[in-house]
1. Going by average Cβ neighbours within 10 Å, how do the peptides 492-504, 198-210 rank, with the highest at the top?
2. Among DSSP beta bridges lying fully in segment 503-560, give the percent that are antiparallel, nearest 5.
3. Suppose every K and R has +1 on its Cβ and every D and E has -1 on its Cβ; what is the size of the dipole of segment 452-527 about the Cα centre, in Debye to the nearest 20?
4. Given a 1.4 Å probe and heavy atoms of the protein chains only, how would you sort LYS260, LYS285, LYS447, largest accessible area at the top?
5. What is the set of long-range amide H partners of ARG49 at a cut-off below 5 Å, with H atoms built 1.01 Å from backbone N?
6. Once amide H atoms are built 1.01 Å from N in the peptide plane, which residues 5 or more positions from VAL91, or in another chain, come under 5 Å H to H?
7. Quick check: pseudo-label points 7 Å beyond the Cα along Cα→Cβ at GLN115 and GLU387, how many nm apart are they?
8. Which order do peptides 456-467, 124-135 fall in by mean Cβ count within 10 Å, highest first?
Amino acid sequence: MNLRGNDMDTKNQDKYRGMMLDGRYELVELIGSGGMAVVYKAMCHRLNRYVAVKIMRPELAKNEKFRRRFQTESQAIAKLSHPNIVGVYDVSRTDHVEYIVMELIDGITLKQYLQDHGPIDAPQAVDFSLQIARALSHAHGKGIVHRDIKPQNILVVEDGVIKVADFGIANLQSEVPDVENEAIGSVHYISPEQARGLPVDGRSDIYSLGIVMYEMLSGKLPFDGDDDRTVALKHLSAVPTPLREIAPSVPEALEKIVMKAMDASLDERYQTADALVADLEALQKTINGSLDMLEGGVAPLSTAGELRKEDYIRRRRRAHRVSMLSGFFGVMAAILIIAVFLWNYFLSDIFVVNQRVAIPNFVGSNYETIINSKEFKEKFNFELIYEIDPNVERGIIIGQSPDAGKSYMLTSDGINVTLTVSTGVMLTEIPNLLNYDYREATSELEKLGFVVDKTFADSDDVAADSVMQISPSPGEKLPAGATVYLTISQGAKTETVIMPYLVGKDYAAAEAELAAARLTLVSVSYVYNSTIPENYVVSQTVEAGTEIAVYSKIYLQISLGPETTPTPSPSPVPTQDPNIE
């Protein structure tokens, strides 16, 4: 994955190549750099796969405060587990190197995608926006705000899956010592509250996503200027050009969603990513592309004629013939005008529109090809619904209503057809995680989109806390969201004994009884006791009759007998002075 570049010398950046971190991650090649870190493609030798390893710059690693923040933020981000978020697998420190291990993404940034493709159509923009909004919803639910949503931090994978990267990085950047003049975030996408330097919450991410949606659909940014200050001020006070003025083909409902997401007022903006997701999902179910409005009309009919003035006497008969012909053609022109009028406004509905049309077979075709076809637009009104089908690629029509072959009377309103489109959920292979620590195995499976169900069992052969069984078996493929069942070893079954009753017994006898029961007497303490004789047991830490593991630690209190009270010395009797009578 790519980070923003800086002026750091490439040779210094690449000094970690070939290093092995924690005996597991072999750094293969430098793939990116930024103000805080360098990123390497690395081979994880434990799972035999490539990952991305982000290493904190050495000058920052020397800063104890920043290092603690880096660890804290990274561990918080590692809790995120969502198919639209770049996964964080590990956070560690070795040989004075602070690093994060992340999912390695084979794709390009949304910025690059838009540069290559230009503005994208409404169905694709809604699809991309939904994936980003779902990622934000998951992160906000964990208390994590991105703070730097922009096309450069959004990755597009080849199969159309969106991955949001660098969660929490903007928050970390606020802690970076001023060693470089690198701008934090991008002023073109920051929210008004960020521009004012105020605390932010999830609504700031929603605003930034609104800007991204605007750019996806129009190919333009709503605010621009000669410098960052000018752009920031526009976020605070300027009103963006309505989206449909720049991109008229954008559905009105989608324009309303975009403009609400990027509303400068916190109260008028979407309050949660969940609310944005709900509106986008509702729109996605009904959006069928932009339909061109068909307009009919009659072109104005104009005629021009001029009769030559001839001598009446000499041209009398000729003029009569001309008058007759002019009248005839005038009547015919009037009839033609009336016929065209009736055809356009009345008769066409009867003779042309009201014909029976057979429904074609749309199943197996790409929905975009169908809904954008000029031929089909003239006859059908398409409604799209989406359905998960792990066996059919994304965007392919898997069902239709009415069925193919049925015929319907074509009216001026067109024929309504519902198309069911596959979401293209791909099957993922279950990795072989037998004998792995169950916490690591759970994390790996969740990163792949599976739900994990765990049970624990005794085992003489598998170490405690390790995976001893996986169902379905490793190598099998399941769709995202399916459940994988793990059986976790508790180690060998522990032998137990019954705790004997020792209170009131002689210390030596109690010690011998514990040894016979294979329990460990760790220590004793001595207390005065007026009812239990000296050197006898007063109390025990484990209640008698309790079933406990062999060699468990036991503590006893031993009596010192009653506490003795010293006899007070008699008070001296004063001697009387013989001189006193």
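1. Sorting 492-504, 198-210 by mean packing, highest first, produces 198-210, 492-504.
2. 35
3. Using only the charged Cβ atoms, the result is roughly 160 debye.
4. LYS285, LYS260, LYS447
5. Residues meeting the criterion, in which the H sits 1.01 Å from N, are CYS44.
6. Distant-sequence amide H within range of VAL91: VAL101.
7. 4.1
8. Packing order, densest peptide first, comes out as 124-135, 456-467.
The values are calculated or read from the model by the stated rules, or taken from the named source; none is laboratory data. This is a predicted model, so every value here is computed, not measured. With ideal geometry, Cβ positions are generated from the backbone for all residues, glycine too; neighbour counts draw on all protein chains shown. Note: accessible area is taken over every heavy atom of the protein model, side chains too, but ligands, DNA and RNA are not part of it. Shrake-Rupley method; radii C 1.70, N 1.55, O 1.52, S 1.80 Å.
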